[in-house]
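Trainee: Supplied in structure tokens, the structure appears directly below.
Coordinate-derived values only; no laboratory data. Please read all numbers here as calculations on a predicted model, not as lab measurements. Virtual Cβ from ideal backbone geometry, glycine too; neighbours counted across all protein chains shown.
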Amino acid sequence: MPPPRIISYSIGATVVHPGQTLAGMVRTTPDVIGVSVHVMGFSVPMRKTGPGAFSLAWVVPQIPPLFFRTYTLTAVATTVGGQTAAQSTPVTIR
């Protein structure tokens, strides 16, 4: 069986502020059963909205200005067999 693919990965804004909701969508091959977004060792599961369709609405936490910078968000898609595909995008917190 071919490995899963992330067909598209979009984030509503690439610059966000604490307290703002960060929204995103991921489209994958239909064999993907789950997608999670990883940043700095933390993982946030995305909600499955249909075959190969996942969404995220996550509120950016209140953090001190010391941590305002660009982070890499990586979407990881996983099949029931444990195969994965990943795609990353930068997001800046200001």
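Trainee: State, as an integer percentage, the relative contact order of the chain based on alpha-carbon contacts under 8 Å between residues 6 or more apart.
Mentor: Computed value for the chain: 35 percent relative contact order.
Trainee: Taking the chain as a Gaussian network, Cα atoms linked when under 10 Å apart, which of Arg47, Arg27, Arg69 shows the biggest mean-square fluctuation?
Mentor: Per the Cα network of the chain with a 10 Å cutoff, Arg69 tops the list.
Trainee: Under 16 Å from the 7 Å Cα→Cβ point of Val59, by amide nitrogen: which residues of segment 11-32?
Mentor: 17-23
Trainee: Taking the Cα atoms of segment 6-93, report the difference between the largest and smallest coordinate on each principal axis, in whole Å and largest first.
Mentor: On the principal axes, segment 6-93 reaches 41, 21, 16 Å in Cα extent.
Trainee: Could you check what % of the DSSP bridge pairs in the chain are antiparallel, to the nearest 5?
Mentor: Bridges in the chain that DSSP calls antiparallel: roughly 95 percent.
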